[in-house]
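Presented below is the structure to which this report refers.
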Amino acid sequence: MAVVTLAGCNDGGGEVTGTTSTSGTTDETGTADASTGETEDSTSSSGGEETEGEGKTCADDSECPVIAPHCAEDGRCYDGSPGDPCVDDTSCSALAPLCNPDQVCQTGEAGQPCAGKDDCGPLSPYCGVGSCHDGGADMPCETPESCAPGTPFCTDGQCHDGGDGAPCDDEQDCAEDTPFCGAGSCHDGGEGEPCDDDDDCDILAPNCGVGSCHVGGVGDPCDDEDDCNGQAPYCGPASTCHDGTEGQACATAAHCGPFAPICGPMETCQNGGTGDACTGDEHCKAGYLCVGSVCVNS
């Protein structure tokens, strides 16, 4: 009860003191509503409707407020911020406009999950092996579509430019200036470049011998005579091309040319004439015999 002073005059010229009470009730903060005596609910608007935001329980979007308009599967309202649950992109806000494969709102930046380009943002617009990236060199990929224009090839799960030394499975993985794929790497097909067969070599070094491209001349590596050119058509036992003339290395007569057709005991080509080494007449040409380990005219 509050005490008030009533001013007035009495016969003695003094003041009279009395008591009275307020008509309203005091709320928890000590502030009374003098007109109604009731305390206003801080969680309600003047119309008595709830104004709760994100996290409000819901059955569908119609039960969510404007500031958190999406009703997620967990039965709560969300505003579509990064990390919020979503059904599709319409469930996400401008701050995280993409709904990823895990049904979570995201910006689509590098490393975030994706099922395709639509899940990735403008700075990391390519999706490779389930993550967003810029499509540059060594970025993960499954197809060339996961790679940027500057690194448009996808080999062994990585984007690359198809240049010299870049990995390849075939020529489709290689750039225009390095169009050959040999031993798993792109190159120009020139002398000494790696190869698996002649198709991996350029016209200027068309023969693939012992794993490298070459012209097939004297001293070039070879696996067989197909790796040698017309100037050195024989592939000797040292796996090098030669012309099959006198003194060239041989294991059989097949390594020797028409002017020195015999592979002698020194494992060199010879014509089997006078003075050539022999261990039998077979090392000597027609009409000559092996006498004292040398061929002599019979």
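Give just the number: which of (1) touching a Phe, Trp or Tyr at 6+ places or on another chain (Cβ under 8 Å); (2) part of a loop (DSSP other than H, G, I, E, B) does C241 not satisfy?
So the condition that C241 fails would be (2).
How many residues are at positive phi and buried (at least 18 other Cβ atoms within 10 Å of the Cβ) when one looks only at the stretch 100-125?
1
What do you reckon, is C77 over 29 Å from E145 (Cα atoms), modelled with pLDDT of 95 or more and assigned by TED's automatic domain parsing to the domain that holds C58?
yes
Please specify each residue of the stretch 192-204 satisfying the condition of being closer than 18 Å to E176 by Cα and more than 30 Å from the chain's Cα centre (by Cα).
Passing the criteria: I203, L204.
Does the stretch 215-238 contain at least one residue that is hydroxyl-bearing (S, T, Y), within 55 Å of the chain's Cα centre (by Cα), surrounded by 20 or more Cβ atoms within 10 Å (Cβ to Cβ) and at pLDDT 95 or above?
Our first condition is that a residue be hydroxyl-bearing (S, T, Y); within the stretch 215-238, this holds for 234.
With the extra rule that they be within 55 Å of the chain's Cα centre (by Cα), the set shrinks to 234.
Now narrow it down to the ones that are surrounded by 20 or more Cβ atoms within 10 Å (Cβ to Cβ): 234.
If we keep only those that are at pLDDT 95 or above as well, we get 234.
Looking for residues that are hydroxyl-bearing (S, T, Y), within 55 Å of the chain's Cα centre (by Cα), surrounded by 20 or more Cβ atoms within 10 Å (Cβ to Cβ) and at pLDDT 95 or above, one finds at least one in the stretch 215-238, hence yes.
For the stretch 258-298, enumerate the residues that are in contact (Cβ under 8 Å) with a residue 24 or more places away in the chain, assigned to a loop (DSSP other than H, G, I, E, B) and crowded, with 19+ Cβ neighbours inside 10 Å.
Of everything in the stretch 258-298, just one residue is in contact (Cβ under 8 Å) with a residue 24 or more places away in the chain, assigned to a loop (DSSP other than H, G, I, E, B) and crowded, with 19+ Cβ neighbours inside 10 Å, namely N271.
Answer yes if at least one residue in the stretch 200-207 is in a loop (DSSP other than H, G, I, E, B) and at positive phi, and no otherwise.
Checking the stretch 200-207: not a single residue is in a loop (DSSP other than H, G, I, E, B) and at positive phi.
Would it be correct to say that C120 is within 26 Å of Y78 (Cβ to Cβ), of a type in the set (A, V, I, L, M, F, W, C) and not assigned by TED's automatic domain parsing to the domain that holds S81? Step through it out loud before you land on a result.
Working: within 26 Å of Y78 (Cβ to Cβ): yes; of a type in the set (A, V, I, L, M, F, W, C): yes; not assigned by TED's automatic domain parsing to the domain that holds S81: yes.
Against the criterion (within 26 Å of Y78 (Cβ to Cβ), of a type in the set (A, V, I, L, M, F, W, C) and not assigned by TED's automatic domain parsing to the domain that holds S81), C120 qualifies.
Kindly indicate the residue of the stretch 103-152 that is in a loop (DSSP other than H, G, I, E, B) and of a type in the set (S, T, Y) and also farthest from P85 (Cα to Cα) among those meeting that condition. Working first, answer last.
Residues of the stretch 103-152 in a loop (DSSP other than H, G, I, E, B): 103, 107-112, 114-116, 120-125, 129-130, 134-139, 141-143, 147-152.
Those still in the list that are of a type in the set (S, T, Y) too: 107, 124, 143, 151.
Details: T107: 13, S124: 22, T143: 30, T151: 35 Å.
Selected residue: T151.
Considering (1) touching a Pro at 6+ places or on another chain (Cβ under 8 Å); (2) under 21 Å from N100 (Cβ atoms); (3) of a type in the set (G, A, S), say which one G189 fails and leave the rest.
(2)
Scan T143, T155, T178, T151 and give me the residue that is over 15 Å from the mean Cα position of the chain (by Cα), at pLDDT 95 or above and more than 29 Å from V66 (Cα to Cα).
Criteria check complete, one pass: T178.
Only residues that are of a type in the set (D, E) and under 11 Å from E191 (Cα atoms): list them for the stretch 204-247, please.
Answer for the stretch 204-247, where residues must be of a type in the set (D, E) and under 11 Å from E191 (Cα atoms): just D220.
Can you tell me which residues in the stretch 85-99 are over 18 Å from C132 (Cβ atoms) and buried (at least 18 other Cβ atoms within 10 Å of the Cβ)?
Residues satisfying the conditions are P85, S91.
Give me the residue from the stretch 246-257 that is within 27 Å of G211 (Cβ to Cβ) and not small (G, A, S) and, out of that set, surrounded by the fewest Cβ atoms within 10 Å (Cβ to Cβ). Steps first, answer last, please.
Our first condition is that a residue be within 27 Å of G211 (Cβ to Cβ); within the stretch 246-257, this holds for 248-252, 254-257.
Then drop every residue that is not not small (G, A, S), which leaves 248, 250, 252, 255-256.
Details: Q248: 23, C250: 24, T252: 9, H255: 21, C256: 26.
So, considering only residues that are within 27 Å of G211 (Cβ to Cβ) and not small (G, A, S), the one surrounded by the fewest Cβ atoms within 10 Å (Cβ to Cβ) is T252.
If you go through the stretch 177-197, how many residues are in contact (Cβ under 8 Å) with a residue 12 or more places away in the chain and out of contact with any His (no Cβ under 9 Å at 6 or more places or on another chain)?
Number of matching residues: 10.
So is Q172 of a type outside the set (G, A, S) and within 10 Å of the chain's Cα centre (by Cα) or not?
no
The values are calculated or read from the model by the stated rules, or taken from the named source; none is laboratory data. These numbers come from a predicted model, not from an experiment. Neighbour counts are summed over all protein chains in view; Cβ atoms, including those assigned to glycine, are modelled from backbone coordinates with ideal geometry.
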